[in-house]
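Reading through the structure tokens given below for one structure.
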Amino acid sequence: MSALAPADEHVAWPADAVEVGRVIDAWGIKGWIKVQPYATDPQALFSSRRWFLQPPDVPRPAARPTPRLLRITATRDHGDVVVAQAQEVSDRNAAEALKGARIFVSRASFPTAGEGEYYWVDLLGLAVVNRQGEALGRVADLMDTGAHSVLRVVDDTTDPPTERLIPFVAAYIDQVETAAGRILVDWGLDY
């Protein structure tokens, strides 16, 4: 008999929830799930024991309701994916029912970043200003090129909006001030 514990409707969704992965399949026969993390280093998945779920973007026919919360009892790195066991998922059928579910964790449960390290989620929306005090826009997105990350900065005060790609490396990034909400860069308006 397959069992998936009922959704915890009384559990409050964290105000600082960050989407960190997606359930891609069941793993084994004892209710473990296989997760595709969005980060190359999925420490947020390993550090949190409370994963909040949203149903898949495309509902599956005759799918069971997705629980709001999974209480994680074990996680393991498994190549490019993470496998996890949750109290609410007792067998393979229950794990398969979660396929496609989006996984969120509280930003507060992320491990502390090291000196000079930043979570992308903390950079999104920061104002980008150059050494001359000129506003270049706000961080709209980041890209991973393999060698380093690149800030996608959008200035929507221009018509049409201006987009700049700034390598997130010490040669161009002077200071990141998350508390002040800005990044100081060595980058011109005409670059």
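A few remarks follow.
Residue by residue, here is whether (1) surrounded by 13 or more Cβ atoms within 10 Å (Cβ to Cβ); (2) among the charged types (D, E, K, R); (3) assigned by TED's automatic domain parsing to the domain that holds Arg49 holds:
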{"residue": "Glu115", "(1), (2), (3)": "no, yes, no"}
{"residue": "Leu124", "(1), (2), (3)": "yes, no, no"}
{"residue": "Arg138", "(1), (2), (3)": "yes, yes, no"}
{"residue": "Arg152", "(1), (2), (3)": "yes, yes, no"}
{"residue": "Asp155", "(1), (2), (3)": "yes, yes, no"}
{"residue": "Pro160", "(1), (2), (3)": "no, no, no"}
{"residue": "Ile166", "(1), (2), (3)": "yes, no, no"}
{"residue": "Tyr172", "(1), (2), (3)": "yes, no, no"}
{"residue": "Gln175", "(1), (2), (3)": "no, no, no"}
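- Candidate set from segment 177-187 (those that are among the aliphatic types (A, V, I, L, M), without any contact (Cβ under 8 Å) to a residue 60 or more places away in the chain and in a strand (DSSP E or B)); member that is surrounded by the most Cβ atoms within 10 Å (Cβ to Cβ): Val185
- Meets criteria (within 30 Å of Arg164 (Cα to Cα), touching a residue at least 60 places away in the same chain (Cβ under 8 Å) and either surrounded by fewer than 18 Cβ atoms within 10 Å (Cβ to Cβ) or not assigned by TED's automatic domain parsing to the domain that holds Val169 (or both)) for Val89: no
- Evaluated against (1) without any contact (Cβ under 8 Å) to a residue 12 or more places away in the chain; (2) surrounded by 12 or more Cβ atoms within 10 Å (Cβ to Cβ), Gly146 falls short on exactly one condition, (2).
- Against the conditions (1) farther than 28 Å from Trp51 by Cα; (2) in contact with a strand residue (DSSP E or B) (Cβ under 7 Å, 6 or more places away or on another chain); (3) at pLDDT 95 or above, Ala171 satisfies every one except (2).
- Verdict on Thr75 being under 19 Å from the mean Cα position of the chain (by Cα) and assigned to a strand (DSSP E or B): yes
The values are calculated or read from the model by the stated rules, or taken from the named source; none is laboratory data. This one's a predicted model, so the numbers in the text were calculated from it and none came from an experiment. We place every Cβ from the backbone using ideal geometry, glycine too, and count neighbours over all the protein chains shown.
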